[in-house]
1. With n ≥ 4 as the cut-off for DSSP H runs, can you work out [θ] at 222 nm for the chain, using -39500 (n - 2.57) per run divided by the number of residues, rounded to the nearest 500?
2. Not counting the cut sites, what is the longest span of the chain without trypsin sites (Lys or Arg not before Pro) that DSSP labels loop and that have at most 12 other Cβ atoms within 10 Å?
3. How many Å² of accessible area per residue for region 16-143, probe 1.4 Å?
4. Under 10 Å, Cα contacts only: if you run a Gaussian network model on the chain, which one of 68, 166, 188 comes out with the highest mean-square fluctuation?
5. Pairs of lysine in the chain with Cα under 29 Å and at least 8 positions apart or on different chains: total?
6. Within region 5-122, what whole-number % of the accessible surface is contributed by carbon and sulfur, with the 1.4 Å probe and all protein chains included in the calculation?
7. Where the centre of each part is set by its Cα atoms, how far does region 99-158 sit from region 206-227, in angstrom?
8. Modelling each spin label as a point 7 Å along the Cα-to-Cβ direction, I'd like the residue 70/residue 9 distance in nm, to one decimal.
Amino acid sequence: MRERGLDPTKVASAARDDIDTFVELHIEQGRVLESARTPLAVVSAIVGTAHLEVTVTGQPDHAGTTPMGLRRDALAGAAAMVQAVESIAKSLGKPAVATVGKLNVEPAQINVVPGTVVFTVDLRHPDLGGRRALEERIRSLCGTISEERRLGLVIRTLQEKAPVAMHAEVRTLLTRAAKECGVQATEMVSGAGHDAQILAAKCKVGMLFVPSIGGRSHCPEESTDPAHLRLGTEVLARSLELLAY
(Lines give C-alpha, C1' and ligand atoms only; values in the text may rest on other atoms or scores of the structure.)
Protein backbone atom coordinates (compact mmCIF):
# COMPACT_ATOMS: atom_id res chain seq x y z
CA MET A 1 0.00 0.00 0.00
CA ARG A 2 2.80 2.39 0.85
CA GLU A 3 4.52 1.66 -2.49
CA ARG A 4 1.35 2.96 -4.18
CA GLY A 5 1.28 6.12 -2.09
CA LEU A 6 -1.41 4.92 0.33
CA ASP A 7 -1.38 5.26 4.11
CA PRO A 8 -2.58 2.09 5.96
CA THR A 9 -3.34 4.16 9.07
CA LYS A 10 -6.02 6.07 7.13
CA VAL A 11 -7.86 3.01 5.83
CA ALA A 12 -11.09 4.08 7.58
CA SER A 13 -11.28 7.16 5.36
CA ALA A 14 -11.59 4.89 2.32
CA ALA A 15 -15.15 3.91 3.31
CA ARG A 16 -17.61 4.71 0.52
CA ASP A 17 -21.07 6.17 0.90
CA ASP A 18 -22.02 6.26 -2.79
CA ILE A 19 -23.09 2.61 -3.16
CA ASP A 20 -26.84 2.11 -3.36
CA THR A 21 -27.08 -1.64 -4.07
CA PHE A 22 -24.62 -4.53 -4.10
CA VAL A 23 -25.54 -7.75 -5.91
CA GLU A 24 -23.32 -10.82 -5.61
CA LEU A 25 -23.33 -13.92 -7.80
CA HIS A 26 -21.71 -16.96 -6.18
CA ILE A 27 -21.59 -20.73 -6.30
CA GLU A 28 -23.61 -22.36 -3.52
CA GLN A 29 -20.66 -24.28 -1.99
CA GLY A 30 -23.09 -27.01 -0.96
CA ARG A 31 -25.40 -29.68 -2.40
CA VAL A 32 -28.87 -28.20 -1.82
CA LEU A 33 -29.46 -26.85 -5.32
CA GLU A 34 -27.91 -29.85 -7.05
CA SER A 35 -29.99 -32.27 -4.96
CA ALA A 36 -33.16 -30.36 -5.80
CA ARG A 37 -32.12 -30.04 -9.46
CA THR A 38 -32.62 -26.29 -9.20
CA PRO A 39 -30.36 -24.12 -11.39
CA LEU A 40 -30.65 -20.85 -9.47
CA ALA A 41 -31.50 -19.47 -6.04
CA VAL A 42 -32.09 -16.05 -4.55
CA VAL A 43 -30.44 -15.86 -1.13
CA SER A 44 -32.80 -14.76 1.65
CA ALA A 45 -30.23 -14.45 4.45
CA ILE A 46 -26.68 -15.28 5.46
CA VAL A 47 -26.36 -17.27 8.66
CA GLY A 48 -24.95 -15.93 11.88
CA THR A 49 -21.96 -17.77 13.30
CA ALA A 50 -20.29 -18.41 16.63
CA HIS A 51 -16.94 -20.13 17.09
CA LEU A 52 -16.32 -21.68 20.50
CA GLU A 53 -13.16 -23.16 22.01
CA VAL A 54 -13.86 -25.86 24.60
CA THR A 55 -11.14 -26.94 27.05
CA VAL A 56 -11.76 -30.15 28.98
CA THR A 57 -9.39 -30.94 31.87
CA GLY A 58 -9.03 -34.31 33.57
CA GLN A 59 -6.14 -36.27 35.06
CA PRO A 60 -3.33 -37.83 32.99
CA ASP A 61 -2.72 -41.34 34.37
CA HIS A 62 -0.98 -44.55 33.36
CA ALA A 63 -3.22 -46.49 30.95
CA GLY A 64 -2.31 -49.85 32.45
CA THR A 65 -2.35 -49.14 36.18
CA THR A 66 -5.42 -46.90 36.49
CA PRO A 67 -8.76 -48.78 36.81
CA MET A 68 -11.61 -47.48 34.66
CA GLY A 69 -13.61 -46.36 37.67
CA LEU A 70 -10.81 -44.17 38.98
CA ARG A 71 -10.13 -42.30 35.75
CA ARG A 72 -10.84 -38.68 34.88
CA ASP A 73 -10.38 -39.15 31.15
CA ALA A 74 -10.54 -35.79 29.36
CA LEU A 75 -10.85 -37.36 25.92
CA ALA A 76 -13.71 -39.68 26.90
CA GLY A 77 -15.54 -36.66 28.28
CA ALA A 78 -14.76 -34.57 25.21
CA ALA A 79 -16.02 -37.40 22.99
CA ALA A 80 -19.35 -37.35 24.82
CA MET A 81 -19.49 -33.57 24.33
CA VAL A 82 -18.73 -33.85 20.60
CA GLN A 83 -21.56 -36.35 20.24
CA ALA A 84 -23.82 -33.99 22.19
CA VAL A 85 -22.99 -31.12 19.81
CA GLU A 86 -24.15 -33.20 16.86
CA SER A 87 -27.27 -34.48 18.63
CA ILE A 88 -28.38 -31.00 19.73
CA ALA A 89 -28.05 -29.56 16.21
CA LYS A 90 -30.01 -32.49 14.78
CA SER A 91 -32.73 -32.18 17.42
CA LEU A 92 -33.21 -28.48 16.69
CA GLY A 93 -33.54 -29.33 12.99
CA LYS A 94 -32.91 -27.29 9.88
CA PRO A 95 -31.36 -24.79 9.43
CA ALA A 96 -29.31 -25.19 12.64
CA VAL A 97 -25.84 -26.71 12.12
CA ALA A 98 -22.95 -27.37 14.50
CA THR A 99 -19.51 -28.74 13.69
CA VAL A 100 -16.51 -29.84 15.74
CA GLY A 101 -13.65 -29.26 13.32
CA LYS A 102 -10.51 -29.27 15.46
CA LEU A 103 -9.41 -31.36 18.44
CA ASN A 104 -6.10 -31.47 20.34
CA VAL A 105 -5.24 -34.09 22.96
CA GLU A 106 -2.53 -33.91 25.64
CA PRO A 107 -0.28 -35.62 26.46
CA ALA A 108 -1.19 -37.58 23.28
CA GLN A 109 0.59 -40.78 24.28
CA ILE A 110 -0.68 -44.29 23.49
CA ASN A 111 -0.24 -45.47 27.09
CA VAL A 112 -1.49 -42.40 28.97
CA VAL A 113 -5.06 -41.47 29.92
CA PRO A 114 -5.61 -38.04 28.27
CA GLY A 115 -5.41 -35.17 30.71
CA THR A 116 -6.47 -32.22 28.55
CA VAL A 117 -8.51 -31.87 25.37
CA VAL A 118 -9.22 -28.67 23.45
CA PHE A 119 -11.79 -28.71 20.64
CA THR A 120 -13.64 -26.13 18.57
CA VAL A 121 -17.34 -25.77 17.77
CA ASP A 122 -18.71 -23.89 14.74
CA LEU A 123 -22.37 -22.90 15.24
CA ARG A 124 -24.57 -21.46 12.46
CA HIS A 125 -28.19 -20.34 12.19
CA PRO A 126 -29.95 -17.66 10.10
CA ASP A 127 -31.93 -16.48 13.15
CA LEU A 128 -30.04 -14.86 16.02
CA GLY A 129 -32.40 -16.33 18.60
CA GLY A 130 -32.01 -19.77 17.05
CA ARG A 131 -28.25 -19.53 17.10
CA ARG A 132 -28.21 -18.42 20.71
CA ALA A 133 -30.54 -21.27 21.68
CA LEU A 134 -28.20 -23.70 19.94
CA GLU A 135 -25.21 -22.31 21.81
CA GLU A 136 -26.96 -22.28 25.19
CA ARG A 137 -28.00 -25.93 24.88
CA ILE A 138 -24.48 -26.97 23.89
CA ARG A 139 -22.93 -25.05 26.77
CA SER A 140 -25.43 -26.54 29.21
CA LEU A 141 -24.99 -30.15 28.11
CA CYS A 142 -21.20 -29.87 28.04
CA GLY A 143 -21.40 -28.54 31.59
CA THR A 144 -23.54 -31.50 32.68
CA ILE A 145 -21.12 -33.99 31.09
CA SER A 146 -18.12 -32.37 32.77
CA GLU A 147 -19.81 -32.52 36.17
CA GLU A 148 -20.83 -36.16 35.77
CA ARG A 149 -17.28 -37.13 34.79
CA ARG A 150 -15.53 -34.88 37.35
CA LEU A 151 -13.81 -32.85 34.64
CA GLY A 152 -12.83 -29.22 34.41
CA LEU A 153 -14.50 -27.19 31.67
CA VAL A 154 -13.81 -23.79 30.11
CA ILE A 155 -15.75 -22.55 27.06
CA ARG A 156 -14.42 -19.47 25.29
CA THR A 157 -16.04 -17.53 22.43
CA LEU A 158 -13.50 -17.00 19.66
CA GLN A 159 -15.76 -15.24 17.16
CA GLU A 160 -19.36 -14.16 16.82
CA LYS A 161 -21.26 -12.74 13.83
CA ALA A 162 -24.93 -11.88 13.62
CA PRO A 163 -27.15 -13.19 10.79
CA VAL A 164 -27.70 -10.81 7.88
CA ALA A 165 -30.96 -10.68 5.92
CA MET A 166 -30.80 -9.76 2.26
CA HIS A 167 -32.75 -6.61 1.36
CA ALA A 168 -36.40 -7.43 0.58
CA GLU A 169 -36.59 -5.10 -2.45
CA VAL A 170 -33.43 -6.56 -3.95
CA ARG A 171 -34.67 -10.12 -3.41
CA THR A 172 -37.89 -9.26 -5.26
CA LEU A 173 -35.92 -7.69 -8.10
CA LEU A 174 -33.61 -10.74 -8.40
CA THR A 175 -36.62 -13.05 -8.54
CA ARG A 176 -38.12 -10.91 -11.31
CA ALA A 177 -34.84 -10.90 -13.24
CA ALA A 178 -34.64 -14.69 -13.03
CA LYS A 179 -38.21 -15.05 -14.30
CA GLU A 180 -37.46 -12.74 -17.21
CA CYS A 181 -34.49 -14.97 -18.03
CA GLY A 182 -36.79 -18.00 -18.12
CA VAL A 183 -36.15 -19.59 -14.74
CA GLN A 184 -38.17 -19.82 -11.51
CA ALA A 185 -35.60 -19.16 -8.80
CA THR A 186 -35.97 -20.75 -5.39
CA GLU A 187 -35.08 -19.01 -2.13
CA MET A 188 -32.49 -20.34 0.28
CA VAL A 189 -30.30 -19.35 3.22
CA SER A 190 -26.54 -19.14 2.75
CA GLY A 191 -24.68 -21.27 5.26
CA ALA A 192 -21.37 -19.60 4.39
CA GLY A 193 -20.25 -16.01 4.80
CA HIS A 194 -19.96 -13.70 1.78
CA ASP A 195 -19.05 -10.14 0.79
CA ALA A 196 -22.74 -9.20 0.84
CA GLN A 197 -22.73 -9.88 4.57
CA ILE A 198 -20.16 -7.09 5.03
CA LEU A 199 -21.60 -4.64 2.50
CA ALA A 200 -25.04 -4.89 4.16
CA ALA A 201 -23.82 -2.39 6.74
CA LYS A 202 -23.43 0.25 4.01
CA CYS A 203 -26.07 -0.46 1.35
CA LYS A 204 -28.88 -2.70 0.08
CA VAL A 205 -27.60 -6.18 -0.74
CA GLY A 206 -28.74 -9.28 -2.61
CA MET A 207 -27.24 -12.60 -3.69
CA LEU A 208 -27.70 -15.20 -6.39
CA PHE A 209 -26.55 -18.82 -6.07
CA VAL A 210 -25.81 -21.34 -8.81
CA PRO A 211 -25.23 -25.04 -8.02
CA SER A 212 -21.91 -26.59 -7.05
CA ILE A 213 -21.24 -30.02 -8.54
CA GLY A 214 -21.20 -32.49 -5.65
CA GLY A 215 -21.28 -29.57 -3.24
CA ARG A 216 -17.51 -29.35 -3.46
CA SER A 217 -15.86 -26.07 -2.49
CA HIS A 218 -12.39 -24.75 -1.65
CA CYS A 219 -10.76 -27.83 -3.14
CA PRO A 220 -9.41 -28.95 -6.56
CA GLU A 221 -12.71 -30.73 -7.28
CA GLU A 222 -14.73 -27.50 -7.05
CA SER A 223 -16.75 -27.08 -10.24
CA THR A 224 -20.03 -25.68 -11.62
CA ASP A 225 -21.79 -26.58 -14.86
CA PRO A 226 -20.98 -23.93 -17.53
CA ALA A 227 -24.69 -23.73 -18.35
CA HIS A 228 -25.42 -22.73 -14.74
CA LEU A 229 -22.61 -20.19 -14.81
CA ARG A 230 -24.08 -18.68 -17.95
CA LEU A 231 -27.57 -18.57 -16.45
CA GLY A 232 -26.31 -16.92 -13.29
CA THR A 233 -24.42 -14.30 -15.30
CA GLU A 234 -27.47 -13.57 -17.46
CA VAL A 235 -29.69 -13.12 -14.41
CA LEU A 236 -27.07 -10.91 -12.77
CA ALA A 237 -26.86 -8.75 -15.90
CA ARG A 238 -30.65 -8.44 -16.09
CA SER A 239 -30.75 -7.53 -12.39
CA LEU A 240 -28.27 -4.71 -12.94
CA GLU A 241 -30.33 -3.47 -15.88
CA LEU A 242 -33.46 -3.36 -13.71
CA LEU A 243 -31.56 -1.54 -10.97
CA ALA A 244 -30.37 1.04 -13.48
CA TYR A 245 -33.90 2.03 -14.55
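1. Details: 6 runs with 82 residues, N = 245.
One gets -10500 deg cm²/dmol as the mean residue ellipticity at 222 nm.
2. Working: sites that count: 16, 37, 102, 150.
Longest stretch, sites excluded: 151-245.
3. 51
4. So, out of 68, 166, 188, the one fluctuating most is 68.
5. Within the chain, the lysine pair count is 14.
6. Answer for region 5-122 is 54 percent, counting heavy atoms of protein chains only.
7. Between the Cα centre of region 99-158 and that of region 206-227, the gap is 32 Å.
8. A separation of 6.3 nm, rounded to one decimal place.
The values are calculated or read from the model by the stated rules, or taken from the named source; none is laboratory data. Given the structure is predicted, the values throughout are model-derived calculations rather than measurements. We place every Cβ from the backbone using ideal geometry, glycine too, and count neighbours over all the protein chains shown. Ligands, DNA and RNA are stripped out before the accessible areas are found, and what is left, the full protein with its side chains, is counted by its heavy atoms. Shrake-Rupley method; radii C 1.70, N 1.55, O 1.52, S 1.80 Å.
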